[in-house]
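Asks: Shown below is the structure under consideration.
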Amino acid sequence: MAKYESVIEWINSNIDNGTLKPGSKIPSENELCEMFDLSRQTIRHAIEVMAGDGLLESRRGSGTYVADQRADDSLRSVVAVVTTYVDDYIFPSTIRGIESTLSEKGYSIQISFTNNTVNKERQILLDVLDRKDIAGIIMEPVKSALPNPNMDLYKRIVDRGIKVLFINSFYPELDLPHVSINDEECAYKAVKALINAGHKDIGCILKLDDGQGRERYRGYLRAMTEFGLPFTYDHVNFIDTIDIKDGARALSRVKERLKGCSAVFCYNDQVAGMLMQILSEDGLKLPDDMSVIGMDDSDIARMGVDGVMISSIPHPKHRLGEKAAQNMIRLIHEQKVTFNATYEFSEDVILRDSIKENKKRGNGDYYGRS
């Protein structure tokens, strides 16, 4: 990062959190020089860049002020917000975070749902292209680990000057920003929690058809490799959206591939809960016979299965929505892109009953072993 960019990030951060409001005077050049231990020339360059992007206003003889970034009624003033589902526990809170932040700046939102299908996604994107009032689109990708036939529409939207920001995942084919959790890092922490409890043979159940599953697999592999643990594809399980809807029937096949494991990292709490239910019905005692960890810290994790609450990594739902909206506003107002609108949250493991310390810390007493 260039030295002047640290000044830009500090000012933008204070604008985002409300410390610097529209019309507020920012610290003087001398004050900024002292704060950042930078030359006046560097500070002045940072201010000039932000003024050129319409974020700051310099008033002769008075100082530099935060420009008003509220939507201009004569211009585009709607942000389309598109998620895969409406009933998932994550999305209502995320949408509230987006709406509250955008409404403060005078933007209205149009909410749509793709039901995780590319056909519905295409209809929504075509509607965006037909409208004149859309300033940006905050979009959750559809099955982002698979080839998608709608890349042409995204490129047309960008060419039209409509800003695009993905949430929760992204399409690797497109060089566009996203706001999400750091799936690889969070998965690494989840698997490390199992390793710290003494588990060595650790399986995983991950989602095949979205980018989160791909990145969480990277985290699983990194943890296993870093700690020098045995790795076999026999213990790696991939399921898709339809499998999750099928529930027990799909996971009953998965459990056979977990023989020899004492612990398993699951794609999310829903998968963890379904697996625990199946294993319990199969006569296993949890977590004695199998330790389990999920992701999202949903109601499922806190309620647990048969009295066993699930260890998990929380999803920053509302904060993610706020951050996505803040970055979208900056994308809309900056004439030149001077910041990286991609942001990834790193969350920590919440340990609960579903992980039991493996005191033997070696082979033996594993699920399926005699």
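A short reminder: the numbers here are calculations on the coordinates, not readings from a lab. No experiment lies behind these values; they were computed from the predicted model shown. Cβ: placed from backbone, ideal geometry, glycine included. Neighbour counts: every protein chain shown.
Asks: Looking at the chain as a GNM with Cα springs under 10 Å, which of Lys132, Lys317, Lys189 has the largest mean-square fluctuation?
Replies: Lys132
Asks: In addition: Name the GluC sites (Glu not before Pro) in the stretch 77-153 that are in a loop by DSSP and that have at most 14 other C-beta atoms within 10 Å, would you?
Replies: Here no GluC sites (Glu not before Pro) fit, given the DSSP loop and packing criteria.
Asks: Which residue fluctuates the most in the chain, going by a Gaussian network model with Cα springs under 10 Å, if the choices are Glu322, Glu173, Glu357?
Replies: Glu173
Asks: Just report the Cα centroid separation between the stretch 114-193 and the stretch 264-321, whole Å.
Replies: Result: 28 Å between the Cα centres.
Asks: Here is a follow-up. Which value results when the Cα radius of gyration for the stretch 3-66 is divided by 2.2 N^0.38 Å?
Replies: Compactness ratio reported: 1.00.
Asks: Filter the trypsin sites (Lys or Arg not before Pro) in the stretch 1-108 down to the DSSP loop ones having no more than 16 other Cβ atoms within 10 Å, then list what survives.
Replies: Arg60, Arg70
Asks: Rounded to the nearest 0.05, what FRET efficiency is calculated for Arg131 and Glu173 with R0 set to 41 Å and r the Cβ-Cβ distance?
Replies: 0.95
Asks: Tell me which of Met290, Leu275, Gln110 sits at the most positive position along the dipole axis of the chain, charges placed on C-beta atoms (Lys, Arg +1; Asp, Glu -1).
Replies: Met290
Asks: Per 0.36 nm of contour for each residue apart, how much would the distance between Leu284 and Asn14 grow if the chain were fully extended, relative to their Cα-Cα spacing?
Replies: Using 0.36 nm per residue and subtracting the Cα-Cα distance, I get 92.0 nm.
Asks: With 23 Å as the limit, write out which pairs from Lys120/Lys143; Lys3/Lys155; Lys155/Lys207 have Cα-Cα distances beyond it, or answer none.
Replies: Lys3/Lys155; Lys155/Lys207
Asks: In addition: Can you give me the angle between helix 183-196 and the longest principal axis of the chain, using Cα atoms only, in degrees from 0 to 90, rounded to the nearest 10?
Replies: So the helix axis and the longest Cα principal axis differ by about 40 degrees.
Asks: Moving to a separate point now. Only bridges whose two residues both fall in the chain count here: according to DSSP, what percent of them are antiparallel, nearest 5?
Replies: Roughly 20 percent of the DSSP beta bridges within the chain come out antiparallel.
Asks: At most 16 other Cβ atoms within 10 Å and a DSSP loop assignment: could you name the chymotrypsin sites (Phe, Trp or Tyr not before Pro) in the stretch 228-306 that fit?
Replies: Here the chymotrypsin sites (Phe, Trp or Tyr not before Pro) that fit, given the DSSP loop and packing criteria, are Phe231.
Asks: Could you sort 282-291, 134-143 so that the peptide with the highest average Cβ count within 10 Å comes first and the rest follow in order?
Replies: Going from most to least packed, we get 134-143, 282-291.
Asks: Taking the Cα centre of the chain as origin and charging only Cβ (+1 Lys, Arg; -1 Asp, Glu), how large is the dipole, in debye to the nearest 20?
Replies: Taking the Cα centre of the chain as origin, the dipole is about 260 debye.
Asks: Any idea what angle helix 211-226 forms with the longest principal axis of the chain, computed on alpha-carbon atoms, 0 to 90 degrees, nearest 10?
Replies: The two axes meet at around 60 degrees.
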